[in-house]
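None of the figures in this text is laboratory data; all of them are computed from the coordinates on show. Remember, it's a predicted structure, so these values are computed and weren't measured experimentally. Methodologically, a virtual Cβ is constructed for each residue, glycine included, from the backbone with ideal geometry; neighbour enumeration extends over all protein chains shown.
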Amino acid sequence: MKIIHTNISDVIIIEPKVFNDSRGFFFESFNQQAFNEAVGQDVQFVQDNHSYSKKGVLRGLHFQVQQPQGKLVRAVRGAVFDVVVDLRKSSPTFSQWVGTELSEENRRQIWVPAGFAHGFLTLSESAVCLYKTTGYYAPECERILAWNDVDIGIEWPAADKYIISLKDLNADLLENLECFP
């Protein structure tokens, strides 16, 4: 696998080695040992999530301050613009973001460590995303950062319209959110 470093040192993009032939393709989508080496820590995943989204759906930016979750995210159908925001106040990259396209064509995954908000915009007609988490979902601990917070300045790709849940439309600005130490 190829590790692509981003402008936030703890966030990495993982690109698998794909073996193509006349029958199709094969690749290893996850290897615990290689993943732990790539992120420099022993990570244990406890939950797998699966989402389906139509074109223009914008999900996020979600995180849990109590019971935080690290996430390993990939698109297995279609394409999404995936975004990660550093919410660790002690970090030199606090409030900075990373965005990358994840698609069934590029087969990339992004590692979202605990301490970050995460969301994505569906670019294709539809998209299916799978992600592993290091913590269990705890709705009472969930917080949502506004996808359009000007202090963060995420450059979302243009869409005919954004389809956003009421929960995400009512998200808080960074200045009003409890963040990580």
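Structure summary
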read-out: Highest-fluctuation residue, Asp82, Asp151, Asp21 considered, GNM on the chain with Cα pairs under 10 Å; value: Asp21
read-out: Cβ-based exposure ranking for Leu130, Leu145, Leu102, in which fewest neighbours within 10 Å come first; value: Leu130, Leu102, Leu145
read-out: Hz values of 3J(HN,Hα) by residue in the range 148-163 - Karplus curve (6.51, -1.76, 1.60), Gly and Pro given as x; value: 10, 4, 5, 6, 8, x, 5, 9, 6, x, 5, 9, 3, 7, 9, 9
read-out: The range 83-181: trypsin sites (Lys or Arg not before Pro) in DSSP coil with no more than 16 other Cβ atoms inside 10 Å; value: Lys89, Lys161
read-out: Listed residues His118, Tyr52, Trp97: farthest to the positive end of the dipole of the chain (Cβ charges); value: Tyr52
read-out: Within the range 44-130, GluC sites (Glu not before Pro) in DSSP loop having at most 15 other beta-carbon neighbours inside 10 Å; value: Glu104, Glu105, Glu125
read-out: Karplus 3J(HN,Hα) series, Hz, for the range 94-105 with 6.51 cos²θ - 1.76 cosθ + 1.60 (x for Gly, Pro); value: 3, 6, 8, 10, 10, x, 8, 7, 10, 8, 5, 6
read-out: In Hz, Karplus ³J(HN,Hα) per residue of the range 56-62 (6.51, -1.76, 1.60; θ = phi - 60°; x = Gly, Pro); value: x, 5, 10, 10, x, 9, 9
read-out: Unit charges on C-beta of K, R, D, E only; dipole of the range 45-176, Debye; value: 360 debye
read-out: Choice from Ala171, Ala79, Ala158 with maximal GNM fluctuation in the chain (Cα, 10 Å cutoff); value: Ala158
read-out: Helix-only [θ]222 nm of the chain, DSSP H runs n ≥ 4, -39500 (n - 2.57) each, per residue, nearest 500; value: -1500 deg cm²/dmol
read-out: Close Lys-Lys pairs in the chain, where close means Cα under 12 Å and separation is 8 or more or interchain; value: 4
read-out: Calculated P(r) tail over 28 Å for the chain, as whole % of Cα pairs; value: 20 percent
read-out: Ile144 long-range amide H proximity, modeled H, under 5 Å; value: Asp172
read-out: Debye equation applied to the C-alpha atoms of the range 30-75, log10 I(q)/I(0) at 0.15, 0.29, 0.34 Å⁻¹; value: -0.56, -1.22, -1.36
